[in-house]
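Notes for the one structure printed next.
The values are calculated or read from the model by the stated rules, or taken from the named source; none is laboratory data. Worth saying up front: this structure is predicted, and the values here are computed from it rather than measured. Note that we place each Cβ from the backbone using ideal geometry, even for glycine, and neighbour counts take in every protein chain shown. Calculation scope for accessible area: heavy atoms of the full protein, side chains included, ligands and nucleic acids excluded. Shrake-Rupley method; radii C 1.70, N 1.55, O 1.52, S 1.80 Å.
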Amino acid sequence: MPANPQPKSTQSGVPDMSNLSINKESKLVNKGTIFTLEKRENCFGKVTVPQHPPSQKNDVYVNYVKVNNWPGVIYEYSIVIDEFTAKDRDGKVKKDKEGNDKTVKISKIQTVRRIFEAMGKSLEPFNKVKWASDFQCLWTIKPIGDILNPKWNHKGERSFGPLTFTKQDGLMEDIPGVTLRFIQELTLPSSNGIFNGTDLSATAQSRIMTALNAFVSQHIKVNRGQSVQMVGSNKFFQKGSWTEMGDAFLAYRGFYVTMRPTADNLLLNVNTATSAFFRPMLVCDWIYYVTSKGQITRDQAMKMLTNVRCRITYDRPQVKAHVNPNAEGNRFKSITEFGLPLEPAGSGGDEQFGTRPQVYQGRARGDDAPPAPATVKSFFSSMALRYATYPCVNVGLKLKAAKDEKGRPVLREAGHHRTGSPQDYSNFSEAIWIPSEFLEIEPYQIFGRLLPSGHTDEMIKIACKRPEENQFWIQEKGLEYLGIRNDIANLKSDLGLEIEDKLIKVGSKLLLPPVVSFSNKPAQVRDASWNLANVRFATMGTVPQLWIVRLFDVNERGRFAANNKNTGLGLPREFENLYKELILTIRSHGIAFQDNAAPPQQRLVHAAKHPDNIKNMFTELKSRKDFNTKAIVVVVIPTKNEEVYGCIKHTADAQGIITVCCQSGKVEKGRIDKQYLSNLCLKINFKQGGNVHHLTGAFAPLKVPTMIIGADIAHPPSGSIEGTPSIAGVVATVDNKYMNMPGSMRLIPSRKEVIPREILTDMIVERLQTFFIINRMLPQNILFYRDGVSESQYADVATCEIPAIQDAYAIALKNIEQKSPPVKVTFIVVGKRHHTRFFPTHQGQYQSARNTNVRNGLVVDHTITLPDKVNFFLQSHAAIQGTAKSAHYVVLQDEIEFAMNDLQNLTHAFCYTYSRATKGVSYCAPAYHADRLCDRGSKYMRRVLATTDLSRIEFSNKQIYQNKLRTDQVAAGARHPAPDTRGLIKPKDRLTEVERDEWLMKFAVGFGGSSAWLGVRSVGEGRKHPWGKEFDEVMFYL
């Protein structure tokens, strides 16, 4: 085999890999009516490991470049788009209901973008000055008045216009103009550390960084032109750099870019970015491909397409002489909703359609003639339709009409009180219904939702690149592509920025892993990992019974029947083998197994994997006289399925049944892997209150009784119904081993980033009560790790959540009738969603011969850290694939007064206390456990989202609202339906936004368990958890 070509070195110190084998990339080309793909240079090719020159032993590369100079002053203005009189396409002024001239206020972000583009091209002074904007504010490095008219006081207000811009449909629109209002001058310090030692307020610092980032983004857009697709304010994807990801998606690669202030420097953070985009194709084809594997339904696919931009492929008749509907700019529309199909599946054609016609096609805007009584089907009858059974698509305004049971527009049915007549829709003429096969998805649209499960694994494979690949792509490709290396002169002259063109190096240190101990021996930790071979767990639980439940698909029914007949067992023979092998492994790890008398066939059960079958199976199992309430139930699932898994956990948790799930492919072999069986025993042990391992000597800095708390919030996924509650979770240690972390959970109003003070207080009181019951004392110190907080929310979290800890401690003291000084609290935010990446400077820093990441235990606490807080980056794990990502720990309060080394070593040690893994994890276990607890709450909520479309409910008054709650919950089989309030609430009492959020949480609770899950009640008034009381003091959620 020929040797790999050796990379040539470059001036930047990173190998030149231009001579290596590169795959082909692609671009999108419009051929006729369908966008097709052509290949060109690709960025996903493999590269060899760079041979870095030797350097200082502890230095590592980091994906930042240094900014040496920046503008001394930035001028900030607001831009207000003037309102104007609305006109129809004939130029007639539109009237409102009172007969007054109708005015238009532009707020839609896409339209605002188009206006700003027009400003920069044709409107003085905006075409004469370099400016940047977030489409609300505008920044320049020179006063606009100096450019337009030196005598004009730029600190005032001035209007510019009129202005003509191009609308989305390609037509030109005139507006009176825009009004420029001066806000402030932002004076930037000239020292190396941009905010170091200054008295600038946090608000001023934030505005300066926003402006600098806007300047960089504007420079990239101008530099790259049409070759870049900008997403958000700081992500730039290369239009020619994509990889196929199944039939419905494309994975595009690009860059994330942002300015960051540090104690010593102003730095530019550049990272690679990979995201899923819609594949350009006909809408009907996209729905077909994304639903073909059965992972999502057609309704879910249509929901994903809402608001996606499409191109009309057929030629429409021209109604107005001055408007060409087939001009390219007029073909683009956005999907607002889906209706019913032209022809329902299995129908008899026109005869069936005659009794259930589609909504009318409508009339052209401005046409005073009555609408022709033509259905969409008759309108397209002259065209050959391939997908008549696919729903039609509305690319006009969303109809204001009643909806069917799935939230789609209700169309006319013979003999029914609802009709499809124009008068039934207040905006009938604004809807545009088109069959899905005459619409193609416009290219370069990011898929902003959770990918279907089958595509998630594929996305991970595409996005995961080795460290040397990412480093090369940033250093040699990214800085050039973004205009940092090849446009230095314009950066300095136009924006006052001087940016270096190579990645910086920072000093680091390496923490040693803690000593991991079992009851019979210490573990051999290598690359932050160990195994369970021949070990007895540190503390052992007890298994009074073991049950095996095999869920099967419908097509497996015959197999189970045959095995039943031949063996007389509840399951096939291999599951009797699983039962026996698992018992042997349980005992080998020191766990007491007490069910010695029962023959295996009495502990084997099978059931169909349908939710109703699963629910009935657990109910029947718990009602059996021979079922022990502390039994372990191993559930064997045919294939990985989030819906089935969520149903199992939701149903079993509510009944207090301990479950451990595994996939059939892992346990149906003749010989089951011993390590896999040990991992099942690991879960069994901590769910019974035991500890798999302990850390020896790692917690010496905790000199007094200390409780470790982790907290997190889980939000509903993108695309969820507006108002769907978020979930807050808190876990806490109960002893000085710091391994067992029971939890508390609450629903909170949707997408709140701070846990409400009274709710957090209530959850911490529960954790303190458990600590007191076990230790007969309260902790003197609390070390709190808070997950999921962005930098912009530090102040809000500190203001609300830190006082909640003190509130909870005061309540706990009162409950036990004791007096004590206030507890000392150290509050640390755990950041995971950052873009800092470390790369080795020489081979001695590699994790292993095959893993070129920097070694686990790496700590960086200077140069790239925040300027005003104690903070550090810790890479605690050995990444299995791709480029490792460290965690960023930011101290908001430190009353315990840890030494920096002690705090870093403690945090590192907590990365080795994650109970579900035999390795050090990527961030500390308290925050990780809280994340897992919130994820379990999300499993409970899946049934809410799948059962009812809350968007169909009209929130008109409290009486309808409350009664609708009860009706829907009862119909859906809710465990705790809301009370009947008829006659108790006045019909005209309107709901406030707060009441709506509370109602939505009550609705969700009907499916999630105890109504106390909602939040605070008087302490001691009862349990507040959606799971069985058997789980209150164990880590059932892992």
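When ligands, DNA and RNA are left out and all protein chains stay put, how many square angstrom of accessible area per residue does the stretch 247-347 have with a 1.4 Å probe? Mind dumping the intermediate values first?
Values: 3470 Å² over 101 residues.
Dividing the accessible area of the stretch 247-347 by its residue count gives 34 Å².
Could you rank Leu340, Leu397, Leu450 by how accessible they are, 1.4 Å probe, largest area first?
Numbers: Leu340 20, Leu397 90, Leu450 125 Å².
Reading off the accessible areas and sorting them downward yields Leu450, Leu397, Leu340.
For a Förster distance of 25 Å, can you work out the FRET efficiency between the beta-carbons of Ile106 and Leu450, rounded to the nearest 0.05?
0.20
Full extension from Lys155 to Glu668: what is 0.36 nm times the residue separation minus their Cα-Cα distance, to one decimal in nm? All intermediate terms of the calculation are to be shown ahead of the outcome.
On the way: separation 513, 0.36 × 513 = 184.68 nm, distance 7.61 nm.
Full-extension gain reported as 177.1 nm.
Give the carbon-plus-sulfur fraction of the accessible surface of the stretch 807-943 in %, rounded to a whole number; probe 1.4 Å, heavy atoms of protein chains only. Display every interim value, and only then the final one.
On the way: 2190 of 5010 Å².
The computed percentage sits at 44.
Using a ≥ b ≥ c from the Cα gyration tensor of the stretch 654-694 (square roots of the eigenvalues), is it rounded, prolate or oblate, where a/c under 1.5 gives rounded and otherwise the larger of a/b and b/c decides, a/b for prolate?
Numbers: a/c = 4.18, a/b = 1.38, b/c = 3.02.
Since a/c reaches 1.5 but b/c is at least a/b, the shape of the stretch 654-694 is classed as oblate.
Just subtract the alpha-carbon distance of Thr313 and His610 from 0.36 nm times their residue separation and send over the number in nm, one decimal.
On the way: separation 297, 0.36 × 297 = 106.92 nm, distance 4.17 nm.
Result: 102.8 nm gained on full extension.
Within the stretch 172-232, report the chymotrypsin sites (Phe, Trp or Tyr not before Pro) that DSSP leaves as loop and that have at most 10 other Cβ atoms within 10 Å.
Values: sites: Phe182, Phe195, Phe215; in loops: Phe195.
Hits after loop and neighbour filter: nothing returned.
Sticking with the crude label model, points 7 Å out along Cα→Cβ, report the distance from Gln524 to Thr203 in nm, one decimal please.
6.2
I want to check the label-to-label distance for Gln594 and Ser938. Put each point 7 Å from Cα in the C-beta direction and report it in nm to one decimal.
Rounded to a tenth, the inter-label distance reads 3.7 nm.
Please give the contour-minus-distance gain from Glu98 to Asn775: 0.36 nm per residue of separation, less the Cα-Cα distance, rounded to one decimal in nm.
On the way: separation 677, 0.36 × 677 = 243.72 nm, distance 7.25 nm.
Taking 0.36 nm per residue and subtracting the Cα distance, the gain is 236.5 nm.
Rolling a 1.4 Å sphere over the protein heavy atoms, what is the accessible area per residue of the stretch 595-726, to the nearest Å²? Don't skip to the end; give the middle numbers.
Values: 5290 Å² over 132 residues.
Averaged over the residues of the stretch 595-726, the accessible area is 40 Å².
With the full set of protein chains in place, find how many percent of the accessible area of the stretch 284-343 is carbon and sulfur; take the probe as 1.4 Å. Don't skip to the end; give the middle numbers.
On the way: 1280 of 2640 Å².
Looking at the stretch 284-343 in its full context, I get 49 percent from C and S.
Distance in nm between label sites at Lys1029 and Glu620, each 7 Å beyond Cα in the beta-carbon direction?
It is 2.8 nm.
Show me the ranking of peptides 910-920, 702-712 by mean Cβ neighbours inside 10 Å, starting with the highest. Mind dumping the intermediate values first?
Numbers: 910-920: 23.4, 702-712: 21.7.
So the order, starting with the most tightly packed, is 910-920, 702-712.
If R0 is 25 Å, what FRET efficiency do you get for Arg587 and Phe627 from their C-beta distance, rounded to 0.05? Write out the running numbers ahead of the final one.
Values: r = 22 Å, r/R0 = 0.86.
In this case the efficiency is close to 0.70.
What FRET efficiency comes out for the pair Thr187/Glu124, r = Cβ-Cβ distance, R0 = 25 Å, nearest 0.05?
Values: r = 27 Å, r/R0 = 1.09.
With a Förster radius of 25 Å, E is 0.40.
For the stretch 424-532, give the percent of accessible area contributed by carbon and sulfur heavy atoms, probe 1.4 Å, rounded to a whole number. If you can, show how the numbers build up before the last one.
Details: 2280 of 4530 Å².
Exposed carbon and sulfur together represent 50 percent of the surface.
How about the stretch 764-871: which trypsin sites (Lys or Arg not before Pro) there are in a DSSP loop, with at most 15 other Cβ atoms within 10 Å of their Cβ?
Those satisfying the criteria are Arg776, Lys819, Lys832, Arg833, Arg850, Lys869.
Can you tell me the order of 796-804, 745-753, 249-257 when each peptide is scored by its average per-residue count of other Cβ atoms within 10 angstrom, highest first? Can you show the working numbers first?
Details: 796-804: 16.9, 745-753: 19.7, 249-257: 22.3.
Highest mean packing first, the order is 249-257, 745-753, 796-804.
If I take every Cα pair under 8 Å that is 6 or more residues apart in the stretch 740-888, average their sequence separation and divide by the length, what percent do I get for the relative contact order? Mind showing how you got there, number by number?
Details: 177 pairs, mean separation 29.2, N = 149.
With pairs under 8 Å counted, the relative contact order is 20 percent.
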